[in-house]
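Accompanying notes for the structure given below.
The values are calculated or read from the model by the stated rules, or taken from the named source; none is laboratory data. Everything numeric here is computed off the predicted structure, so don't read it as measured data. Glycine also receives a Cβ, built like all others from the backbone with ideal geometry; neighbour counts cover every protein chain displayed. Please note that ligands, DNA and RNA were not included when accessible areas were found on the heavy atoms of the full protein model with its side chains. Shrake-Rupley method; radii C 1.70, N 1.55, O 1.52, S 1.80 Å.
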Amino acid sequence: MADLTLRHVKKSYGKVDIIKGVSLDIKHGEFVVFVGPSGCGKSTLLRMVAGLEDISSGTIAIGDRVVNDLQPKDRSIAMVFQSYALFPHMTVRENVAFGLMIAGDSKEVQDKKVAEAARMLKLEPLLDRKPSQLSGGQRQRVAIGRAIVRTPEVFLFDEPLSNLDAALRVGTRAEIAKLHREIGATMVYVTHDQVEAMTLADRIVVLDAGHVRQFGAPMELYHNPDNMFVAGFIGSPKMNFIPVEAKSSGKATGVGVAGDNLRGVDVRVDAAKVTKGEKLSLGVRPEHVNIVKDGKGLASGVVQLLERLGNQTFLEVELANGQSITSLMEGDHVLAIGDKVAISFDAGNCHLFDSSGEALPRHQKKNK
């Protein structure tokens with residue numbers, strides 16, 4: 001296994017820049033997820049690491065080797081694709097062993113490695129079946145097994161669960177996490193699903209239009225997003241953003257803000273970064289938005305949407321100025337569409353973003 005290092009990596013197609021100077025340090029044994037919306041460049045970046053796409057400039061190193069000019073087969077990587085790409089005329093055993101056979105490994109070595117991969121992925125009862133006799137989840141496990149037996153330095157996964165139904169995705173996701181714990185390999189995984197990213201990753205790379213918007217641990221991105229893009233992308237349902245204006249900026253540990261139909265709230269950020277009258281965006285996650293009696297909250301509105309999920313209820317409240325605020329409440333509730341309600345939230349759970357969308361530094365309480 002090895003570190004994976006990217007330095008100022010760019011990719012252009014003619015005059016169109018797709019990857020715009022990405023630098024990353026991925027440590028030996030880490031599980032790193034590239035996440036972002038469609039078209040952000042995450043699959044292109046992964047294919048550049050694999051050698052399936054040439055890079056326009058910059059360097060990619062696996063361990064202490066710069067691999068820019070190496071063919072995929074010489075990079076000590078194994079890739080699992082969105083499509084299973086299994087040979088339909090071969091058994092599971094033959095599909096898993098195919099790369100070893102091409103590499104010239106002995107039959108004894110092939111059998112040993114296939115047996116170990118089958119044990120890890122619970123494929124033993126399936127080894128003599130053909131792909132047409134397998135479910136989608138089983139086929140994806142065979143594709144992962146084919147990668148495992150090559151014992152590469154880096155595993156690459158390109159949206160491997162996107163063809164599976166919801167139940168299979170959850171199960172296969174758990175198997176991939178268990179596999180990483182068992183073999184301790186360096187893994188890079190691409191997905192557009194932020195739930196997959198949060199549950200699998202040691203660290204997440206959030207990409208937007210070819211730029212890295214933030215790189216960090218899942219809960220670091222959740223609690224301390226660097227910008228509105230990350231704040232809105234990480235977390236489901238997404239963070240609420242409310243236009244506000246700084247009403248005071250003289251306090252060392254807080255800024256008083258208020259907005260159209262939103263009464264004042266004091267947010268714990270560095271006041272030195274804010275000017276009175278400055279236009280800002282207040283961010284608050286749905287789970288921190290409370291529904292209270294009308295007249296006792298920070299803003300009033302009307303319930304426009306209810307989604308009851310048993311242990312949770314999603315509400316969408318339309319404020320008097322037309323803005324919608326999402327609230328995530330525990331359990332079932334007697335509220336109905338059309339009810340007049342008020343919202344409230346703890347200022348300690350709020351974020352402030354400047355006019356360019358960058359997060360203002362949050363004031364941290366000192367330990368006594």
key: Filtered residues of the range 55-72 (kept if more than 19 Å from residue 26 (Cα to Cα) and either open to solvent by 60 Å² or more (accessible area, probe 1.4 Å) or touching an Asp or Glu at 6+ places or on another chain (Cβ under 6 Å) (or both))   = 56, 69, 71
key: Qualifying positions in the range 65-91 - assigned to a loop (DSSP other than H, G, I, E, B) and without any contact (Cβ under 8 Å) to a residue 24 or more places away in the chain   = 67, 68, 69, 70, 71
note = Note on the range 199-210: residues open to solvent by 10 Å² or more (accessible area, probe 1.4 Å) and more than 30 Å from residue 323 (Cα to Cα) are 199, 200, 201, 202, 203
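Having 1 or more residues that are open to solvent by 40 Å² or more (accessible area, probe 1.4 Å) and over 30 Å from residue 23 (Cβ atoms) is the bar; report the strands (runs of 3 or more DSSP E) wholly within the range 215-312 that clear it. Even if it seems obvious, please write down each step before you answer.
Details: elements: 240-248, 255-259, 262-267, 279-284, 290-292, 299-308.
Filter on the range 215-312 gives 240-248, 262-267, 279-284, 290-292, 299-308.
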ask   = Between a first residue in the range 298-325 that is without any contact (Cβ under 8 Å) to a residue 12 or more places away in the chain and a second residue that is surrounded by fewer than 18 Cβ atoms within 10 Å (Cβ to Cβ), which pairs have beta carbons less than 6 Å apart while being 6 or more apart in sequence or on different chains?
value = 307/314
query = How many residues are open to solvent by less than 60 Å² (accessible area, probe 1.4 Å), within 17 Å of residue 29 (Cα to Cα) and not small (Gly, Ala, Ser) when one looks only at the range 150-198?
reply = 15
request  = Have a look at 101, 48 and point out the one that is among the hydrophobic types (A, V, I, L, M, F, W, C), farther than 18 Å from residue 185 by Cα and under 25 Å from the mean Cα position of the chain (by Cα).
outcome  = 48
message = If residue 110 meets every condition in (1) farther than 23 Å from residue 195 by Cβ; (2) part of a helix (DSSP H, G or I); (3) in contact with an Asp or Glu (Cβ under 8 Å, 6 or more places away or on another chain) apart from one, which number is that one?
response = (3)
request  = Please determine, by comparing only the residues of the range 93-106 that are modelled with pLDDT under 90 and part of a helix (DSSP H, G or I), which one is least open to solvent (accessible area, probe 1.4 Å).
outcome  = 100
note = The lone condition residue 37 fails out of (1) of a type outside the set (A, V, I, L, M); (2) within 21 Å of residue 196 (Cα to Cα); (3) buried (at least 18 other Cβ atoms within 10 Å of the Cβ) is (3)
ask   = Is there a residue being within 18 Å of the chain's Cα centre (by Cα) and part of a helix (DSSP H, G or I) anywhere in the range 152-164?
value = no
query = Considering only the range 221-236, how many residues are under 11 Å from the mean Cα position of the chain (by Cα) and free of Cβ contacts under 8 Å to residues at least 24 places away in the same chain?
reply = 1
